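Chemist: Below are the structure tokens for one structure; questions will follow.
Bear in mind these aren't lab numbers, they're just calculated from the coordinates by the rules spelled out. It should be emphasised that the depicted structure is a prediction, and the values quoted were computed from it without experimental measurement. Cβ: placed from backbone, ideal geometry, glycine included. Neighbour counts: every protein chain shown.
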Amino acid sequence: MSFRGESVLVTGGDGFVGSRLCMRLLDEGAVVTVIVRDRNADSKLRLAGLLERVNVAYGDVADLAFVMRVMNEYGVRMCFHLAAQTLVGIANRSPLSTFESNIKGTWTVLEAVRLLKLPRLVVASSDKAYGSQGRLPYSEDFCLAGVHPYDVSKSCADLLARR
């Protein structure tokens with residue numbers, strides 16, 4: 001698949017994996033837009049020299065009107081949804097905000113993609129969605145069995161993303 005000239009949205013593009021995905025997409029000729037929740041959270045993009053090479057939209061991935069506006073304004077044809085609250089300590093201290101980001105954020109992106117009829121979407125998961133099943137490596141046919149707030153939020157996001 002060629003990304004040359006393709007308008008791609010990366011939610012969570014300011015994270016470790018997301019910033020590297022942005023770098024790869026840019027190298028392949030994509031026009032990349034990134035949703036960043038907090039203005040000081042774009043440091044990984046800045047450190048990687050990407051901040052000037054991507055379109056940055058500051059806002060909440062759980063806000064449907066915002067996500068749809070970004071997709072429309074930048075002519076997005078594909079979305080990589082990586083945005084999530086990933087810090088386990090924060091998830092345990094603040095499960096509601098973790099659920100807002102990880103579950104509602106995923107539902108919002110799915111809904112925007114559905115309403116705008118985007119042809120392609122990739123939703124990132126986590127091995128934590130499978131809980132502690134004791135068998136490695138995990139397989140996608142394993143039961144989703146998150147126990148702690150972060151794990152549960154990723155299990156739920158995976159269920160939402162299934163067809």
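Chemist: Taking GluC sites (Glu not before Pro) as candidate sites, keep only those in a DSSP loop with at most 16 other Cβ atoms within 10 Å, then name the longest stretch of the chain containing none of them.
Modeler: The answer is 53-139.
Chemist: Within the chain, which is the longest segment containing none of the chymotrypsin sites (Phe, Trp or Tyr not before Pro) that sit in a DSSP loop and have at most 15 other Cβ atoms within 10 Å?
Modeler: 1-137
Chemist: Still on this structure, please answer the following. Quick check on the exposure proxy: order I35, I90, I103 from fewest to most C-beta atoms within 10 angstrom.
Modeler: I90, I103, I35
Chemist: Moving on to the next point. Pulled fully out, how much extra length does the chain show between S43 and F142, if you take 0.36 nm times their separation in residues and subtract their Cα-Cα distance?
Modeler: 32.1 nm
Chemist: Could you estimate the translational diffusion coefficient of the chain from the Stokes-Einstein equation, with Rh from the Kirkwood formula over C-alpha pairs, at 20 °C and 1.002 mPa s, in whole µm²/s?
Modeler: 133 µm²/s
Chemist: To test your reading of the geometry: what angle, between 0 and 90 degrees and rounded to tens, separates the Cα axis of helix 105-116 from the longest principal axis of the chain?
Modeler: The angle comes out near 50 degrees.
Chemist: R163 to L64: extension gain in nm, 0.36 nm per residue of separation minus the Cα-Cα distance?
Modeler: Gain on extension, R163 to L64, equals 33.6 nm.
Chemist: Expressed as a whole number of Å, what is the distance separating the alpha-carbon centroids of the stretch 91-161 and the stretch 6-32?
Modeler: For the stretch 6-32 versus the stretch 91-161, the Cα centre distance is 20 Å.
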